[in-house]
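A.B. asks: Please find one structure pasted underneath; my questions will follow.
The values are calculated or read from the model by the stated rules, or taken from the named source; none is laboratory data. In this text, all values refer to a predicted model and were calculated from it rather than measured experimentally. Glycine gets a Cβ as well: all are built from the backbone with ideal geometry, and neighbour counts include every protein chain shown. All accessible areas refer to the heavy atoms of the entire protein, side chains included, with ligands and DNA or RNA removed. Shrake-Rupley method; radii C 1.70, N 1.55, O 1.52, S 1.80 Å.
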Amino acid sequence: MTLALFIEQLLNGIQFGVMLFLMAAGLTLVFGVMGLINLAHGSLYMIGAFLCATVALATGSFWLGLVASLAGAAAAGAIVEIVVIRRLYDRDHLDQVLATFALILIFSEGTRWVFGSFPLYLDIPAALQGAVSLPGGAQYPLYRLSIIVVGVLIAFGLYLLISRTRLGMRIRAGESDREMIGALGVDIRTLYTVVFALGAALAGLAGALVGAIQSVQVGMGEPVLILAFVVIVIGGIGSIKGALIGAILVGVVDTLGRILLPNFFELFMGPSQATSVGSALASMAIYILMAIILAVKPQGLFAAGSQ
Amino acid sequence: MSRETVINWALALGLLAVPFLALMQGEPFYITLATRVAILALAGVGLNLALGLGGMVSFGHAAFFGLGGYAAGILATHAFNQEPLFAWPFMVSGSNDMLLIWLVAIVLSAVVAFLIGLIALRTSGVYFIMITLAFAQMIYYFAISWPAYGGEDGLSIYVRNGFPELNTLDPIQFFLICYVVLMACLFISARLRDSRFGAALQVARQNPERLAATGIAPFNIRLVAFVISAAMTGLAGALFADLNRFVSPSMLSWHVSGEIMIFVILGGVGRLFGPLAGAALFIVMEFYLGGITEHWQFFLGIILLCVVLFVRGGILGILAGRRVHG
């Protein structure tokens, strides 16, 4: 394998990881602050993608679509929080899993009702088409590179938001002692809605950005949701830093595994057998990674405080 | 007899009555529907042991359900093609004998559950939910990418596996097999619940420190319960494969884990007959909503959401009242 191919795949892995981070950040915030498992997070990702595709198709502008997906997913998140999620905070995880599983059914089937079963397609905006040259002579799509940049900027923005602003202070306080900050006069219900909407907006953004690379269809959120859960469990639930590192780790291991493992097995066996063994192992690689990490550190790599 | 016992009898006899009524009405389709209820209820009975009694929220029971299904599918395929499963170090051939297939499904699920449990039970709470999900996904993706047994397309069982002295192709006889297995597992569950082991398992859920203080390690108790729970769900998987005469990776998908969990919660967590009530209601809703609108999942979601939000304790909670702790 050439160096150029390796760098290209590494960048693909990082791009995938950054996208997973956008999903995982919301999940881990919601779990850290409200103690809630939200399976319906993937639905917000799907909503973001559908809104972006629809608005971009109607207006011809990807950027308007992106704004619509951010605003729409945040609004959908806020509504869901007020109508349903709010009632689940003091329930056990079992009820949360079931209720948000029901939300997935509602969102998926609702979207299919409105948009039909056919996938929508979203074009990469003109300004981001084309490719850049990488060291080693490879060409890498500009759009994928910009996703990495957006992801890194958002990770940095989230870091500033949480460590430097008043809202971030309240979020951190909410993570460590829910009752206490309520007693100190912080409007905790609004805080929860804001955190949930923030997570939803990030998921919507991820959906819109990925929508231009893949097709936009019902059920697109579910594989990503499961991976995002793997990410936050590896990183330690409630930790943004853990989510970032976990996301990059999962993205890179998954992408490189698919390329490297079949090549690796060709050293011992015939090509077709190597491909099947390698690809079977590659698709399991991140789950194996997660099992190993949890077996060694049952609370994940960067567990946030003692929950 | 307590109210719950009356309801349990009504559920057991009700399920038994459906296929015979269907036969009299000349609607054989309902026999298949009742068989489906019995098999999925069995998967729920398995999960209920871990979830209801042991408090282990396993979001990966589809793994065992699917493993049971693949045990049936793979053995039957080898028997059909008359190829040995493997020839070394000793000859093992396929089989289309249900009893043998069940044994393989149970042992396979139990061994895998033992290995998963060794790692997963070190964690608790949401980490346990996620690690069981991760293991199930691991097996799911393995089944998809392993081409030998159909990969993503699944595996057809051309002739339903046989049971000594019975004709399994007759819907009523196959239903009775599933029904008897379900009742046997319910009986085992009840005996386990009331045994010393069951008491220890419930204490492991309520107060593990206290259990440890009496000299019983909660980890071991949980592990054994997890293995038994998986074995029952695996058996259900083998029956489900025979019902559909088809296995595919979709039996291993996390939707199935979610559905098995729904049966348990809908019926009432920790109630002996909860999974049967839950599976019956779920399948009846699926069937009738599916007949009314193609977007039945939307309404199913709304109904489920309302059940979680407003009906605590599930169907048996409504019918039999809150559980009385003896």
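A.B. asks: Over the stretch B:40-125, what is the mean sequence separation of C-alpha contacts under 8 Å (at least six apart), divided by residue count, expressed as relative contact order in percent? Write down the numbers at each step before the final one.
C.D. replies: On the way: 66 pairs, mean separation 21.0, N = 86.
Taking the mean separation of contacting Cα pairs over the length of the stretch B:40-125, I get 24 percent.
A.B. asks: Over chain B, what is the mean sequence separation of C-alpha contacts under 8 Å (at least six apart), divided by residue count, expressed as relative contact order in percent?
C.D. replies: Averaging sequence separation for qualifying contacts and normalising by length gives 32 percent for chain B.
A.B. asks: Using a loss threshold of 10 Å², tell me which positions in the stretch A:262-282 are less accessible in the complex than in their chain alone. Probe radius 1.4 Å, ligands and nucleic acids ignored.
C.D. replies: Residues losing area: A:276, A:277, A:279, A:280.
A.B. asks: Would you list the membrane-span-like helices of chain B, meaning whole DSSP H runs whose alpha-carbon atoms span at least 24 Å along their axis and whose mean Kyte-Doolittle value is at least 0.5?
C.D. replies: Helix filter hits for chain B: B:3-25, B:29-48, B:62-81, B:98-120, B:125-145, B:171-193, B:218-244, B:274-292.
A.B. asks: Can you figure out the FRET efficiency of residue A:189 with residue B:191, using R₀ = 45 Å and their beta-carbon distance, to the nearest 0.05?
C.D. replies: So, using R0 = 45 Å, E works out to roughly 0.40.
A.B. asks: Spelling out what I want: for every residue of the stretch A:183-200, take phi, set θ = phi - 60°, compute 6.51 cos²θ - 1.76 cosθ + 1.60 (Karplus), and round to whole Hz; glycine and proline get x.
C.D. replies: 5, 7, x, 7, 6, 6, 5, 5, 4, 4, 4, 5, 4, 5, 5, 4, x, 5
A.B. asks: Angle between the Cα long axis of helix A:240-265 and the longest principal axis of chain A, 0 to 90 degrees, nearest 10?
C.D. replies: Around 20 degrees separate the two axes.
A.B. asks: Would you jot down the residues in the stretch A:76-92 that end up with at least 20 Å² less accessible area in the complete protein assembly than in the chain alone, with a 1.4 Å probe?
C.D. replies: The answer is A:84, A:87, A:91.
A.B. asks: Which parts of the stretch B:136-156, residue by residue, lose 40 Å² or more of accessible area when the rest of the protein chains are there, as against the chain isolated (1.4 Å probe)?
C.D. replies: Correct list: B:138, B:141, B:145, B:146.
A.B. asks: Let me ask something else. Tell me the carbon and sulfur percent of the accessible area for the stretch A:46-144, rounded to whole percent, probe radius 1.4 Å. Show your work: numbers first, answer last.
C.D. replies: Details: 3030 of 4500 Å².
Ligands and nucleic acids excluded, carbon and sulfur reach 67 percent.
A.B. asks: Testing the spin-label approximation: label points 7 Å from Cα along Cα→Cβ at residue B:152 and residue B:318. State their distance in nm.
C.D. replies: In this crude label model, residue B:152 to residue B:318 measures out at 4.1 nm.
A.B. asks: Roughly how many Å² of residue B:146 are accessible to a 1.4 Å probe, to the nearest 10?
C.D. replies: Counting only protein heavy atoms, the figure is 90 Å².
A.B. asks: Let me ask something else about it. Given a 10 angstrom Cα cut-off, can you work out which residue in B:224, B:92, B:107 is the most mobile in a GNM of chain B?
C.D. replies: For chain B, modelled as a Gaussian network with Cα springs under 10 Å, the answer is B:92.
A.B. asks: I would also like to ask the following. Are there any chymotrypsin sites (Phe, Trp or Tyr not before Pro) in the stretch A:242-303 that are in a DSSP loop and have at most 15 other Cβ atoms within 10 Å? List them by number.
C.D. replies: Details: sites: A:264, A:265, A:268, A:287, A:302; in loops: A:268, A:302.
Hits after loop and neighbour filter: A:268.
A.B. asks: Continuing with the same structure: In the stretch B:85-170, which chymotrypsin sites (Phe, Trp or Tyr not before Pro) are in a loop and have at most 13 other Cβ atoms within 10 Å, using DSSP for the loop call?
C.D. replies: Answer in residue order: B:90, B:158.
A.B. asks: Leaving out ligands, DNA and RNA but keeping every protein chain, what accessible area does residue B:97 have, in Å² rounded to the nearest 10, with a 1.4 Å probe?
C.D. replies: The accessible area comes out at roughly 60 Å².
A.B. asks: Given a Förster radius of 35 Å and the C-beta distance between residue B:170 and residue B:288 as r, what FRET efficiency does 1/(1 + (r/R0)^6) yield to the nearest 0.05?
C.D. replies: Efficiency, from the Cβ-Cβ distance: 0.85.
A.B. asks: 5 Å is the cut-off here: which amide hydrogens, built 1.01 Å from N in the peptide plane, fall below it relative to residue A:131, excluding neighbours closer than 5 in sequence?
C.D. replies: Residues meeting the amide H criterion: A:142.
A.B. asks: Here is a follow-up. In Å², and per residue, what accessible area does the protein assembly as shown have when probed at 1.4 Å with the other protein chains present?
C.D. replies: Per-residue value: 42 Å².
A.B. asks: Using a basic spin-label model with each label point 7 Å from the Cα along Cα→Cβ, how many nm lie between residue B:142 and residue A:117?
C.D. replies: Rounded to a tenth, the inter-label distance reads 3.2 nm.
A.B. asks: Could I ask something else about it? Can you give the angle from 0 to 90° between the axis of helix A:3-34 and the longest principal axis of chain A, with both taken from C-alpha atoms, to the nearest 10?
C.D. replies: 10
A.B. asks: Rounded, prolate or oblate: which fits the stretch A:43-192 when a ≥ b ≥ c are the square roots of the eigenvalues of the alpha-carbon gyration tensor, with rounded for a/c under 1.5 and prolate only if a/b beats b/c?
C.D. replies: Here the stretch A:43-192 falls in the oblate category.
A.B. asks: Could you run the numbers on buried accessible area between A and B, total for both chains, 1.4 angstrom probe, in Å² to the nearest 100?
C.D. replies: Summing both sides, the interface buries roughly 4200 Å².
A.B. asks: Relative contact order for the stretch B:172-326: what is it in percent, counting Cα pairs under 8 Å that are at least 6 residues apart?
C.D. replies: Dividing the mean separation by the residue count of the stretch B:172-326 yields 16 percent.
A.B. asks: Next question. Where the only charges are on Cβ atoms (+1 Lys, Arg; -1 Asp, Glu), what is the dipole of the stretch A:1-143 about its Cα centre, to the nearest 20 debye?
C.D. replies: Using Cβ point charges on Lys, Arg, Asp and Glu, the stretch A:1-143 gives about 120 debye.
A.B. asks: Ignoring ligands, DNA and RNA, what percent of the 1.4 Å accessible area of the stretch A:256-306 is carbon and sulfur?
C.D. replies: 70
A.B. asks: Under the rule of at least 5 residues apart or a separate chain, name every residue whose amide H is placed under 5 Å from the amide H of residue B:93.
C.D. replies: Amide H to amide H, under 5 Å and 5 or more residues apart or across chains, residue B:93 pairs with B:85.
A.B. asks: For a Förster distance of 25 Å, can you work out the FRET efficiency between the beta-carbons of residue A:10 and residue A:215, rounded to the nearest 0.05?
C.D. replies: Calculated value: 0.50.
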